[in-house]
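In what follows, a structure is listed as structure tokens, so that the remarks can point back to it.
Since every read-out is calculated from the coordinates, none of them should be taken as a lab result. What you see is a predicted model, and the numbers here were worked out from it, not measured in a lab. For neighbour counting, all protein chains shown are included, and Cβ atoms are generated from backbone atoms with ideal geometry for every residue, glycine included.
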Amino acid sequence: MRRLLVFQHVAHEILGILDPILREAGFRIRYVNFERQPDAKPTLDRYHGLIVLGGPMNCDQTDRYPHLATEVALINEAIRMGLPVLGICLGSQLIARALGATVRKNPVKEIGWYTLNPTSDGAQDPLFSRLDATQQIFQWHGDTFDLPANAVRLASSPDCANQAFRYGENVYGLQFHLEVDEPMIRRWLHKPSNASEFAGYADPQARIAEIETETQRFIEHSESLGRQLFGAYLKLFQHRPRRTALPSR
């Protein structure tokens, strides 16, 4: 049985629609919940892949969240081992950091549904070729990453140039959220700890209502794209891992 390690940072950011896809494919999933166990020291022994989920923290907050340094070190190790690695939102930023790239504030905080376009390289990618030339995708981030050395940019949006990248054949970073379903989005929007995320809006409740309306319009297509992309991701597990050289610092 294939064993998958998942790094989780807060209780409400989970695998979403990716969870049943993985389980139906026969994967055994182990979550490491760093919110509950900030001092956890997981290893990659006997695991066949790594997924790093999102979270509200910044990559530089290692003084408050020392597990972020633990994660970066393990991401480095997984890449060197040639394991499939997938990062979503904060996860993509941690992968970028592990590859030596800068993580910084994005000029615009993206919360809600935004236009996403695959690049010309994305249109040829085994995963991202499933995407349309343009689509509305759910976002929730204030930070972004520079493109790591030797990585391939796969998607962009008008306000965030680096929305996704591939490093080698097995490593993918996604700034956006294709794992969400409608109940997940509603939980995020109404979670009290997320209320401060809307402080910059003149009418936060109106913005939340707008996102809920847009979710009803776009979620079905988003879930379809997510199932296609994540289904293609699972095919990476069919190949024997090959060690990947990290970029020189």
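Sorting 113-120, 62-69 by average packing, meaning the other beta carbons within 10 Å per residue, from highest down gives 113-120, 62-69.
May I ask for the net charge around T144, where only other residues with Cβ less than 14 Å from the Cβ of T144 are counted and Lys, Arg are +1 while Asp, Glu are -1? Spelling it out: positives minus negatives among the neighbours equals 0. Entry note, the chain: the mean residue ellipticity at 222 nm calculated from DSSP H runs of n ≥ 4, each adding -39500 (n - 2.57), is -9500 deg cm²/dmol after division by the residues and rounding to the nearest 500. A cut-off under 13 angstrom between Cβ atoms defines the neighbours of Q93, and their net charge, with Lys, Arg +1 and Asp, Glu -1, is -1.
Please report, ordered by residue number, every helix of the chain (full DSSP H runs) that is 15 Å or longer along its axis going by C-alpha atoms and whose mean Kyte-Doolittle hydropathy reaches 0.5.
Helices meeting the criterion: 67-81.
Each Cα pair under 8 Å and six or more residues apart adds its separation to the average, and for the chain the resulting relative contact order is 21 percent. Pick from H177, H141, H221: which is most flexible by mean-square fluctuation in a GNM of the chain where alpha carbon atoms under 10 Å apart are linked? Taking springs between Cα atoms under 10 Å, the residue moving most is H221.
Candidate cross-link partners of K109 among the aspartates and glutamates, defined by an alpha-carbon separation under 19 Å and a same-chain spacing of 8 or more, comprise E13, D60, D143, D146, D159, E197, D203, E210, E212, E214. Over all other residues within a Cβ to Cβ distance under 12 Å of Y233, the charged ones net out to +1, with Lys and Arg as +1 and Asp and Glu as -1.
Given the choices (1) 26; (2) 17; (3) 34, percent of Cα pairs over 31 Å apart derived from the coordinates of this structure is entry (2). Loop-located trypsin sites (Lys or Arg not before Pro) in the stretch 9-54 (DSSP state other than H, G, I, E, B) with a sparse environment of at most 15 neighbouring Cβ atoms within 10 Å: R36, R46.
The residue among N106, L22, A78 whose Cα reaches farthest toward the positive pole of the charge dipole of the chain, with charges on the beta-carbon of Lys, Arg, Asp and Glu, is A78.
With the simple model of a label 7 Å out from the Cα in the direction of the Cβ, Q61 to D203 spans 3.0 nm. The alpha-carbon of K41 sits under 30 angstrom from the alpha-carbons of these lysines, leaving out residues fewer than 8 places away in its chain: K105, K191, K235.
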